[in-house]
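Every read-out reported here was derived from the displayed coordinates using simple, explicitly stated rules and does not represent laboratory data. This one's a predicted model, so the numbers in the text were calculated from it and none came from an experiment. Every residue, glycine as well, gets a Cβ built from its backbone with ideal geometry; the counts of neighbours run over all protein chains shown.
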Amino acid sequence: MPALQAQVQTDRATRYLVQFCKHAAAMGSGGHSARMHMRREVHVAAEWSETSGRVTFGPWGEATLTADGNSLVVRIDAADEDGLTRVRDIIAGDFARFSRRNPLVVAWQRLDSPDETPVRGAVGVASGKRRGFRRSHLQSAVLAVAVVLVASVHVGLAGSVLAESRWTGPAANVVVVLIAVKIALIAVTRSKIRQRRATKRPDHT
């Protein structure tokens with residue numbers, strides 16, 4: 001059976017353990033599952049104390065959590081690779097929301113394949129955050145292509161209109177300045193949008 005284990009260093013280990021187990025219990029009772037994580041055929045059950053917890057995601061697998069001092073250990077045992085990935089993504093997504101303002105750091109270790117390199121990063125990287133990171137890079141690439149196209153159009157129009165004019169040199173300089181201003185405006189607008197979105201994200205407690 002495939003298995004993963006993660007050790008998270010945090011002084012709020014008990015808080016995150018209890019918070020995740022309560023959230024899982026809500027999923028199992030129908031409070032969250034319809035709009036959050038999974039299909040109806042997945043059955044979730046949770047039991048916990050201040051130092052340990054167990055959450056089952058039938059038929060995918062189960063997660064056990066142990067809070068000890070300043071660390072939280074999370075272990076996933078799954079029926080297959082698909083179940084392992086689904087349970088891991090649920091845990092990563094929830095922990096990412098729980099620690100939004102001060103993201104936790106996690107190291108996933110394959111227990112069934114000890115020679116494999118641990119997957120390290122911020123909680124949620126394997127699911128939501130990594131996708132967001134890639135989406136951000138994709139948006140930047142699209143913006144770069146758009147800027148190149150805009151520049152090509154400007155330069156092409158300027159060249160065709162002013163090819164026979166004595167004002168070709170000054171006009172080309174004006175076109176270059178306009179392009180630079182447009183690029184700067186796009187960059188500033190994107191930066192303001194990101195800052196606005198960041199300030200609107202509440203810390204999930």
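Worth a mention:
- Spin-label model distance (nm) - ARG54 vs SER71, 7 Å beyond Cα toward Cβ: 2.3
- FRET efficiency estimate (nearest 0.05) - Cβ-Cβ, ARG190 to VAL105, R0 30 angstrom: 0.60
- Distance (nanometres) between label positions extended 7 Å along Cα→Cβ at LYS182 and ALA45: 6.3
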